[in-house]
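Colleague: I am attaching a structure below and will ask some questions about it afterwards.
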Amino acid sequence: GWTTGFYIWNVVNAFHYSNHLLDDEPRNPKIAAWLSAIPFLGIGQMYNGSFQKAGFIWTTHTMLSIMALKAHKQMNKAIDFQNKIEKTESVSLVYKKNYFNQWEGEYNNAFKQRNTWLWYLFILYFYGIFDAAVDAHLHDYQKKIKLRPDVIFSNESLSFKIDITTEF
């Protein structure tokens, strides 16, 4: 899954560097944030022209979800085995307790893994929204802010000047 995600990410990144959709037109941060709130797709990053970030969002959201789902399936498997052990009467009580404890440990481990992946997914989801809004706000900064360094020579001194022009 990760390999497929990185492949798609590289294809999207190559499309980004082809400069077909490169422009400096202003972007609306609210639209970018709302588009980015749609999980798994990275549409807010695509709206801003950051296709490599959209690929990153798509890959990480998808794979973290798959890993959380896998851990959840392991939890269900552990519960099923615990139920089978409780219903079995041909096994002695000592073996039942050992097997039950083993599957309880498997359940706890899968529970921790699932919650960890879901927390990472939750954090990355809000990172994507915040990143899209900030990128939209700063999308045309090269048009708005121009820095012009200048060196001024005079008879007795040398000075440096930075001229900042802002257009809003």
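Colleague: Under the 0.36 nm per residue contour assumption, what length would be gained going from the current alpha-carbon distance of ASN115 and ALA14 to full extension? Can you show the working numbers first?
Modeller: Details: separation 101, 0.36 × 101 = 36.36 nm, distance 3.42 nm.
Full extension of this stretch gives 32.9 nm more.
Colleague: Would you pull out the residues with amide H under 5 Å of ALA37's amide H, same chain only if 5 or more places away, H placed 1.01 Å from N?
Modeller: Distant-sequence amide H within range of ALA37: zero hits.
Colleague: On full extension of the chain, what length is gained from GLU104 through THR3, given 0.36 nm per residue of separation minus the C-alpha to C-alpha distance? Display every interim value, and only then the final one.
Modeller: Working: separation 101, 0.36 × 101 = 36.36 nm, distance 3.27 nm.
Value of the extension gain: 33.1 nm.
Colleague: For TYR127 and ASP150 in one chain, what is 0.36 nm times their gap in residues minus the Cα-Cα distance, to one decimal in nm? The partial results should precede the final answer.
Modeller: On the way: separation 23, 0.36 × 23 = 8.28 nm, distance 3.86 nm.
Between TYR127 and ASP150, full extension yields 4.4 nm more.
Colleague: Can I ask one more? Using 24 Å as the Cα-Cα cut-off, could you pick out the over-long pairs in LYS30/LYS112; LYS70/LYS112; LYS77/LYS97; LYS77/LYS112? The partial results should precede the final answer.
Modeller: Working: LYS30/LYS112 35 Å; LYS70/LYS112 12 Å; LYS77/LYS97 17 Å; LYS77/LYS112 15 Å.
Among LYS30/LYS112; LYS70/LYS112; LYS77/LYS97; LYS77/LYS112, the Cα-Cα distance tops 24 Å for LYS30/LYS112.
Colleague: Show me the ranking of peptides 43-53, 63-73, 98-108 by mean Cβ neighbours inside 10 Å, starting with the highest. Provide the component values of the computation, followed by the final result.
Modeller: Details: 43-53: 22.2, 63-73: 16.3, 98-108: 14.6.
By packing density, highest mean first, the sequence is 43-53, 63-73, 98-108.
Colleague: If packing is taken as the average count of other Cβ atoms within 10 Å, what order do 122-129, 77-84 fall into, highest mean first?
Modeller: On the way: 122-129: 16.1, 77-84: 14.6.
Output ranking for 122-129, 77-84: 122-129, 77-84.
FYI, it's all coordinate maths here, none of it is from the lab. Please read all numbers here as calculations on a predicted model, not as lab measurements. Every residue, glycine as well, gets a Cβ built from its backbone with ideal geometry; the counts of neighbours run over all protein chains shown.
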